[in-house]
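Engineer: Have a look at this one before I ask anything.
Laboratory data are not the source of any read-out in this text; all were calculated from the coordinates shown. Just so it is clear, the model here is predicted, and its values are computed rather than measured. Here Cβ is always computed from backbone atoms with ideal geometry, including for glycine, and neighbour counts include all displayed protein chains.
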Amino acid sequence: MDQDPRVIALAGNPNVGKSTLFNRLTGLRVHTGNWAGKTVSVARAPLKSRSFRAELVDLPGIYDLAGEGDEEEVARDFLAFGAYDQILAVGDANDPIPSLSLALSLAERTDRVILVLNFIDEADPVPDANLITSLSGIPTAAVSARKGRGIPELLALLESDPRAKPRFTLPREIEARVSSLLPLLPSSSLPARYLALRVLENDGPFLRALSEKTGTDLSSPDLALAAGTGEAPMGSAFREELARARFAFAGKVMEHASSAPPPARGKHWLDRLLCGKYTAYPLMAAALFLLIFLTAVASNYPSALLEQAFQAAESGLTALLSPLSFPEELLINGVLRLSGKVIAVMLPPMAIFFSLFTLLEDSGYLARIAFNLDALFFRAGSCGKQGLTMCMGLGCNVVGVSGCRIIASPRERAASLVTNSMIPCNGRFPALLAVSGAFFAFGSGNGAFFTGILLLFAAAVTLISTRLLTLCVFRGLPSHFLLPLPRFRKPEILKSLWRTMTEKVFSSLFRAVTVAAPAGAILFLLLRFPAEGPSLYARFTAFLDPAGRFFGMDGVILAAFLFGFPAGETVLPLVLLGYMGTSALPEAGGGLFALLSAHGWTRATALSFLVFTMFHFPCAPTLLALWRETKSPKLLLLSVAVPLAAGLSLSFLAARLPL
Amino acid sequence: MLSDLSRLSPGESGTPLEVVPSPLSGKLLEMGILSQPRVTALFAAPSGDPVAYQWGGAVVALRKKDARWIRIRV
């Protein structure tokens with residue numbers, strides 16, 4: 001019989017290894033999708049089992065760092081209203097009480113709840129799953145998702161499809177109030193007790209979502225009157241009491257289920273080192289340097305290979321189809337050429353940068369970096385997590401922008417979103433390095449040192465802009481900061497690599513190519529027409545020339561930035577193309593200084609160009625990401641206006657420096 | 001003696017009594033802060049703020065201005 005697969009949701013507190021378990025149970029066949037119009041990706045994949053069909057849903061997406069903000073909202077929304085049949089409440093066997101408490105609260109919603117305690121390879125003592133099951137009434141499995149221990153037992157448990165019969169009873173006084181509410185509730189697809197508890201908690205967001213999604217309105221005056229009788233606590237006080245009761249019950253269960261209490265974590269020697277007063281900053285600087293250096297060095301070779309491959313494909317196709325008809329030429333010399341350029345320049349550095357970044361994340365260091373940086377960012381009106389999104393921006397601003405989800409409070413999140421493109425991404429690095437090397441080598445022979453200075457400058461401008469934005473535009477609620485510091489863990493390189501490629505690299509690349517392909521076609525047409533006299537592109541650069549000169553550059557440079565809108569890595573090649581007038585995208589080779597000087601570049605021009613490379617408008621994929629994340633025209637406008645204003649004014653000044 | 005979490009120096013600990021309602025309080029309750037017998041200040045960031053606190057098996061960083069809202073007995 002072919003029936004619909006059972007949908008199993010994975011829920012859990014942050015840092016309990018949900019994604020590892022997800023990958024273990026599904027055999028790494030992850031594909032991501034969006035849910036309910038929200039952009040936070042929820043991974044779905046079929047369960048790897050021969051005996052029954054099920055689909056696993058991993059809530060929520062990219063960063064299990066904070067578990068706050070939009071992501072958590074999505075997870076909560078899904079758990080309340082989503083279409084699923086069963087929940088796995090995933091928890092850390094080292095710290096089982098919060099997970100059992102979570103499982104108890106989920107059991108209010110459905111009786112198909114299973115508690116999964118992960119990391120039994122690290123736990124001492126290992127909690128006894130059978131004992132927890134019989135004491136709490138919640139079916140429990142103990143696993144190590146990383147090592148694969150306990151997975152067959154979990155699958156068997158899933159197949160037997162047990163029902164939770166929580167032995168947790170509400171305090172008598174709460175129970176009485178729940179019972180008095182039950183007859184007043186309208187009928188609903190959700191369990192009545194579950195609704196009664198939310199009414200007593202006065203859970204505003206939930207009640208609003210309930211009436212929007214199911215039409216069940218629980219705001220009737222009768223209900224409020226019945227809920228609020230006497231001196232009994234309501235709202236947050238009720239919530240506090242309920243949480244206390246669940247935790248007390250969970251604590252008792254775990255006390256009986258473990259032979260000894262879990263040892264306190266205490267201060268790890270790595271914390272002493274990584275967050276130490278004198279060691280923290282040098283180590284962060286070293287990590288950042290290593291990250292950039294490894295990315296820059298290691299991506300050269302695969303980038304060159306890819307570029308050769310695309311060139312070979314282009315000339316091969318040209319030879320094969322020769323003579324080229326006009327549409328063929330448009331596709332090959334326009335679309336394929338620009339898309340190939342974007343892939344070749346973007347793919348290797350992104351893959352390397354974000355794999356390393358994921359390693360830092362999985363090891364637990366990233367959370368410490370946010371912890372160390374928080375005071376600095378707090379002074380700029382933001383929080384330490386912005387530092388992480390800026391680092392992601394170094395890899396790719398699209399990822400930096402979606403990374404802003406880890407920031408819980410709306411004000412900081414908005415400021416981080418708007419300023420993210422002011423950190424130059426991998427795609428802009430080659431231009432910074434090449435032009436710095438040509439004009440500001442200072443005897444060292446390359447532009448690395450000056451590029452480093454530029455990066456620090458970009459970070460400073462980002463912080464200043466953030467401060468101004470939080471002072472003038474995003475005022476409002478003062479925000480809070482709550483950051484769980486995960487246990488240090490040896491990262492698993494292959495899994496990190498896989499996760500990086502599927503979650504960040506391929507999707508970003510795909511978006512870049514979808515923008516680059518039509519841009520390549522337009523550029524090709526502008527360069528080809530009219531057949532006689534200067535091309536449309538040349539006329540366009542001439543038109544922009546006065547504006548360009550005003551800001552220390554020229555028309556060719558401004559046009560390059562405009563046509564580099566699909567992908568920042570094309571700007572410098574477009575500048576060279578503008579000067580040489582050929583219809584191919586040339587290489588930024590050794591004769592760069594000579595070529596640019598011949599077209600009137602001085603050190604002041606170079607500096608203006610460098611500054612404008614760092615601060616202009618976000619590239620098209622980044623703007624699309626901003627739109628997906630915020631759906632706010634105001635934020636989109638600010639994201640263009642703020643960097644552009646900074647870039648134009650700083651370029652104007654740079655051009656007038658006595659260099 | 002009654003105090004609040006922000007006054008603990010690294011290494012000191014206290015018994016949590018109450019979380020004053022604030023945007024953070026719900027999250028803190030969910031993390032079980034009031035069900036733990038002891039909360040310990042573990043270590044501070046290089047500049048002294050925020051501070052990492054431990055309760056049960058969790059280590060969580062809070063700014064001092066937010067830690068003020070957690071009443072404790074020392």
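Engineer: By count of other Cβ within 10 Å, fewest leading, how are A:Lys165, B:Lys27 ordered?
Structural biologist: Values: A:Lys165 11, B:Lys27 20.
If I rank by nearby Cβ atoms, fewest first, I get A:Lys165, B:Lys27.
Engineer: Which ³J(HN,Hα) values, rounded to whole Hz and listed in residue order, are derived for the range B:40-51 from phi using the Karplus coefficients 6.51, -1.76 and 1.60 in 6.51 cos²θ - 1.76 cosθ + 1.60 with θ = phi - 60°, glycine and proline given as x?
Structural biologist: 10, 7, 8, 7, 9, 5, x, 8, x, 8, x, 10
Engineer: Give me A:Thr470, A:Thr500 ranked fewest to most by other Cβ atoms within 10 Å of their Cβ, as a rough exposure proxy.
Structural biologist: On the way: A:Thr470 19, A:Thr500 24.
The most exposed by this proxy come first: A:Thr470, A:Thr500.
Engineer: While we're here: In whole Å, largest first, what are the principal axis extents of the Cα atoms in the range A:172-257?
Structural biologist: 43, 30, 21
Engineer: Helix A:280-321 versus the longest principal axis of chain A: what is the Cα-based angle in degrees, 0 to 90, to the nearest 10?
Structural biologist: 60 degrees
Engineer: Turning to a different aspect of this structure: Considering only C-alpha atoms, what is the centroid distance from the range A:165-210 to the range A:338-389, in Å?
Structural biologist: 42 Å
Engineer: Percent of Cα-Cα pairs more than 15 Å apart in the range A:404-500, please.
Structural biologist: Numbers: 3412 of 4656 pairs.
Result: 73 percent of Cα pairs exceed 15 Å.
Engineer: Here's another thing I want to ask about it. Around A:Phe524, under 14 Å between beta carbons, what's the net of Lys plus Arg minus Asp minus Glu among the other residues?
Structural biologist: Numbers: positive: A:Arg337, A:Lys341, A:Arg528; negative: A:Glu314, A:Glu328, A:Glu329.
Surrounding charge for A:Phe524 is 0.
Engineer: A follow-up question, please. Using the Cα centre of the range A:172-257 as origin and beta-carbon charges of +1 (Lys, Arg) and -1 (Asp, Glu), tell me which of A:Leu185, A:Met254, A:Ala226 is placed farthest towards the positive end of the dipole.
Structural biologist: A:Met254
Engineer: Also, quick follow-up: Could you tally the net charge around A:Arg6, taking each other residue with its Cβ under 11 Å from the Cβ of A:Arg6, Lys/Arg +1 and Asp/Glu -1?
Structural biologist: Numbers: positive: A:Arg53, A:Arg112; negative: A:Asp4, A:Glu55, A:Asp85, A:Glu159, A:Asp161.
Local charge sum for A:Arg6: -3.
Engineer: Please list 3J(HN,Hα) in residue order for the range A:172-188, calculated via the Karplus relation 6.51 cos²θ - 1.76 cosθ + 1.60 where θ = phi - 60°; whole Hz, with x for glycine and proline.
Structural biologist: After applying 6.51 cos²θ - 1.76 cosθ + 1.60, I find 3, 5, 5, 4, 4, 5, 4, 4, 6, 7, 3, x, 8, 6, x, 5, 8 Hz.
Engineer: What do you get for the angle between helix A:536-550 and the principal long axis of chain A? Use alpha-carbon atoms, 0 to 90 degrees, nearest ten.
Structural biologist: Approximately 80 degrees, to the nearest ten.
Engineer: Could I ask something else about it? If you place +1 on the Cβ of every Lys and Arg, -1 on the Cβ of every Asp and Glu, and leave all else neutral, what size is the dipole of chain A about its Cα centre, to the nearest 20 Debye? Write down the numbers at each step before the final one.
Structural biologist: Details: 58 positive and 51 negative charges, 157 e Å.
Using only the charged Cβ atoms, the result is roughly 760 debye.
Engineer: Longer than 18 Å from Cα to Cα, which of A:Lys18/A:Lys147; A:Lys48/A:Lys165; A:Lys385/A:Lys495; A:Lys18/A:Lys165 are they? Say none if no pair is. Don't skip to the end; give the middle numbers.
Structural biologist: Numbers: A:Lys18/A:Lys147 14 Å; A:Lys48/A:Lys165 27 Å; A:Lys385/A:Lys495 24 Å; A:Lys18/A:Lys165 24 Å.
Pairs exceeding the cut-off: A:Lys48/A:Lys165; A:Lys385/A:Lys495; A:Lys18/A:Lys165.
Engineer: If the viscosity is 0.692 mPa s and the temperature 37 °C, what Stokes-Einstein diffusion coefficient in µm²/s follows for the range A:280-655 when Rh is the Kirkwood radius over Cα pairs? Walk me through the intermediate numbers first.
Structural biologist: Numbers: Rh = 21.4 Å.
Answer from the Stokes-Einstein relation: 153 µm²/s.
Engineer: Given H placed on each backbone N at 1.01 Å, which residues far from B:Arg68 in sequence or on other chains put an amide H within less than 5 Å of it?
Structural biologist: B:Ser6
Engineer: With point charges of +1 on the Cβ of Lys and Arg and -1 on the Cβ of Asp and Glu, referenced to the Cα centre of the range A:280-655, which listed residue (A:Val515, A:Leu463, A:Gly384) lies farthest in the positive direction of the dipole?
Structural biologist: Of the options given, the answer is A:Gly384.
Engineer: Can you work out ³J(HN,Hα) from phi for every residue in the range A:406-414, in order, using Karplus 6.51 cos²θ - 1.76 cosθ + 1.60 and θ = phi - 60°, giving whole Hz and x for Gly and Pro?
Structural biologist: Once θ is set to phi - 60°, the couplings for the range A:406-414 become 5, 8, 7, 7, x, 5, 4, 5, 4 Hz.
Engineer: Scan around A:Asp92 for amide H atoms under 5 Å from its own, H built in the peptide plane at 1.01 Å from N, and keep only partners 5 or more places away or cross-chain.
Structural biologist: Amide H neighbours of A:Asp92, under 5 Å, 5+ apart: A:Ser99, A:Asn118.
Engineer: Helix A:337-363 sits at what angle to the longest principal axis of chain A, using alpha carbons and giving 0 to 90 degrees rounded to 10?
Structural biologist: 40 degrees
Engineer: In chain A, once you exclude exposed chymotrypsin sites (Phe, Trp or Tyr not before Pro) (DSSP loop, at most 13 other Cβ within 10 angstrom), what's the longest stretch remaining? Please report the intermediate quantities before stating the final value.
Structural biologist: Working: sites that count: A:Phe52, A:Tyr278, A:Phe442.
Answer from the scan: A:53-277.
Engineer: Something else now. Would you kindly state how much longer the chain becomes between A:Glu329 and A:Asp4 on full extension, computed as 0.36 nm times their sequence separation minus their alpha carbon distance, in nm to one decimal? Provide the component values of the computation, followed by the final result.
Structural biologist: Working: separation 325, 0.36 × 325 = 117.00 nm, distance 4.89 nm.
So the extension gain works out to 112.1 nm.
Engineer: Would you please give the residues with an amide H less than 5 Å from that of A:Ala9, counting only those at least 5 places away or on a separate chain, with H modeled from the backbone geometry?
Structural biologist: Close amide H contacts, sequence-distant or interchain: A:Val57, A:Asp85, A:Gln86, A:Ile87, A:Leu88.
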